[in-house]
1. Hey, can you tell me all the residues within segment 439-459 that are of a type outside the set (V, I, T) and under 24 Å from the mean Cα position of the chain (by Cα)?
2. Condition test on H104, is it assigned by TED's automatic domain parsing to the domain that holds E303, within 14 Å of the ligand (Cβ to nearest atom) and surrounded by fewer than 24 Cβ atoms within 10 Å (Cβ to Cβ)?
3. For K467, all conditions in the list (1) within 22 Å of A510 (Cα to Cα); (2) touching a residue at least 60 places away in the same chain (Cβ under 8 Å) hold save one; what is the number of the exception?
4. Of these, E161, E187, which one is outside the structural domain of G47 (by TED's automatic domain parsing), charged (D, E, K, R), free of Cβ contacts under 8 Å to residues at least 40 places away in the same chain and over 25 Å from V240 (Cα atoms)?
5. Starting from segment 547-563, take each residue that is under 17 Å from C380 (Cβ atoms) and list its partners that are within 6 Å of the ligand (Cβ to nearest atom) and among the β-branched types (V, I, T), counting only C-beta distances under 7 angstrom and pairs at least six apart or across chains.
6. Just to be sure before I move on: is V505 touching a residue at least 12 places away in the same chain (Cβ under 8 Å), surrounded by 19 or more Cβ atoms within 10 Å (Cβ to Cβ) and of a type in the set (V, I, T) in the structure I sent?
7. Being away from the ligand (no atom under 16 Å from the Cβ), free of Cβ contacts under 8 Å to residues at least 24 places away in the same chain and assigned to a helix (DSSP H, G or I), is that true of even one residue in segment 443-457?
8. Within segment 370-399, which residues are over 30 Å from I511 (Cα atoms) and either among the small types (G, A, S) or more than 16 Å from the ligand (Cβ to nearest atom) (or both)?
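The values are calculated or read from the model by the stated rules, or taken from the named source; none is laboratory data. Not measured: the values here are computed from a predicted model. Positions of Cβ are backbone-derived with ideal geometry, glycine not excepted, and every protein chain shown enters the neighbour counts.
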Amino acid sequence: MDTMLEYPIIYQSVCFACILFGTYILCKTWSKINTQKNDKEEIAEIGDENIIKQGFRMNAVPENVDIIVIGSGIAGLTVASIMAQEGKKVLLLEQHDVIGGNTHTFKEKGFDFETGLHYIGGRIGKKTSNLRKHFDCITKNGVEWEKMDDVYDLVIIRDGENCEQYPMHSDVKILKKTLISSFFEEEKAIHEYFNMIKKARIGITILFLLKCIPYPWIQKIIHKLARPFLSIFDETTEQVLSKLTTNKKLIGILTYLYGDYLEVPSRSSFGIQALVSDHYMGGGYFPIGGPSMIARTVVPIIEKSKGKAFVRAPVSSILINEENKAIGVVVKGHHIFSRIVVSAISSTITYKYLIPQTHQHLVQSHLKIIESPELASDTCYMSMFVGLQGDSDELNLPKRNLWIFPSWNHDENMKKFRNDYSEDFPGIFISFSSAKDPTYHTTYPKKSVASIITLGFYEHVEDYKDKRVKHRGDAYNQLKDQWKERMLEIFLKEFPNLKDKIVYVDNGTAITNDFYLGTYHGAACGLAHTPERFRQVEILLPTSPIKNLYLSGQDMLTCGVSAGLMSGFMTSYAISPTLIFKYPKRN
Ligand SMILES: Cc1cc2nc3c(=O)[nH]c(=O)nc-3n(C[C@H](O)[C@H](O)[C@H](O)COP(=O)(O)OP(=O)(O)OC[C@H]3O[C@@H](n4cnc5c(N)ncnc54)[C@H](O)[C@@H]3O)c2cc1C
């Protein structure tokens, strides 16, 4: 015992490794037994456009609903699919006019635009990859993935007329070599960085498993034991990287993906930086047929189990009884009852607005943490959608994304833009989904689309938030137009050949996200990805202080479509712990 106390970290590590190994063996054996039972390949049913646009009608709500899922983003779709596959009658409710959340696409002037899924990593192209197994499970093999160019991201710094480019290659060895050839004096730091990213995988897996534990007391013990493995989340990206190198430009390049999680290096947890960087090593992929294929394969699964998925179904309140149990929701004044309610939307909105006043006291401690400055985020994406005349070959469009920055100091870039929105955009992302999806031109011949995204702040447009969408007034329109022109200028600098091909342009801001995606203060990636967020393991959980109310979505794990998917699995395990042995099942 004395020895154990003398070496607490070693003791904790050994105990933790034993528990983890034991759980792993148990899960593997059980899932093998299960997959043998389900060895027949299930064929996905792919619904048409109408199946993901069924408007809410109270008289079409099925009787005796088992589970209501609020929000149809990837997390809501995941929970709904798993529960439907378990034979449960699911009611999926979406406030927007199409199912899918950030994975939805929209049509305008004969173009189909993607919104919040531009690429996914996780080696999803390989049927055997962990991420692919999870995706195949919820879509019943319904979605195939197209690999982007070997160089999936081209990182560019344009400082006046100076331009530097850094290609991000899907082959990690080539990627390392390219970086070392540009920073040969930093070879050691680069190797160390890649090693740290690899090691971080353990911490990320542990965080996921920890949140899957359905019993709070076991979770607390394991959280304590697992602390040494979770240390990657404790420091900021800047703190960790400045121990490796003093080369600011190298740090800027290694952290170019901060735009994916919307937190600058001085504030982001190194855990999220490691997770996102690791995610794309191996390249980027795009869903064949477009991101809406995900919803189009999941909704038929829900319907097969006698459930329904409705759009234009904003949930205004969660019904809670005197025993503090969630018993249903309110939609457009209608009370709909169910045994279980899952909220797969912003956790801030759930606790702040959907819990009735009578039960607010139950969630106040959670809300206090979620709304603290360390966790609250008001950083958003401002998207611009460009329709082009001509197909990808004709226009010579790349199957890679561009990330363009005014300087390598991301903190400084963001600070300048926050203080004065006429300053340079802190970063611009350009992507052509019509080039990434090999079927796009079959459905939309002679048409191509570009998505151009920059970062923004809620405070820049907050004054216009209460005005009706599309009628927010001249001042707002002028501001939007000013940003649109500047984004177009940057776009055309990279693709001057497209100048005469543009036939449609529209753009959005933080309040556009709030309206269409139900975000809170435009925070497109949910709660801030700071070290403090990752310390709140016992707060950001699928279980809630209200019985039978579960949470899911990007606030539970991290932002990103893949993390949203995993949070859906986590929530399903919380609802029914034995499902951890069954899903993802091999379809
Ligand atoms: C512009 C942009 C680009 C992105 N690009 C990528 C990318 O390329 N790759 C990647 O991996 N990730 C990307 N992301 C991040 C990723 O899309 C999200 O992190 C992820 O999809 C979140 O999934 P979710 O299920 O948690 O929530 P969401 O997708 O936000 O879904 C929540 C849904 O709930 C609905 N809702 C809200 N309130 C209510 C209510 N009261 N009643 C009913 N419905 C409600 C909303 O309308 C929404 O449809 C991007 C995000 C954005 C905004």
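1. Across segment 439-459, the qualifying residues are Y440, A450, S451, L455, G456, F457, Y458, E459.
2. no
3. Condition (2) is where K467 drops out.
4. E161 is the lone residue from the list that is outside the structural domain of G47 (by TED's automatic domain parsing), charged (D, E, K, R), free of Cβ contacts under 8 Å to residues at least 40 places away in the same chain and over 25 Å from V240 (Cα atoms).
5. G553/I345
6. no
7. No: segment 443-457 contains no residue that is away from the ligand (no atom under 16 Å from the Cβ), free of Cβ contacts under 8 Å to residues at least 24 places away in the same chain and assigned to a helix (DSSP H, G or I).
8. G390, D391, S392, D393, E394, L395, N396, L397
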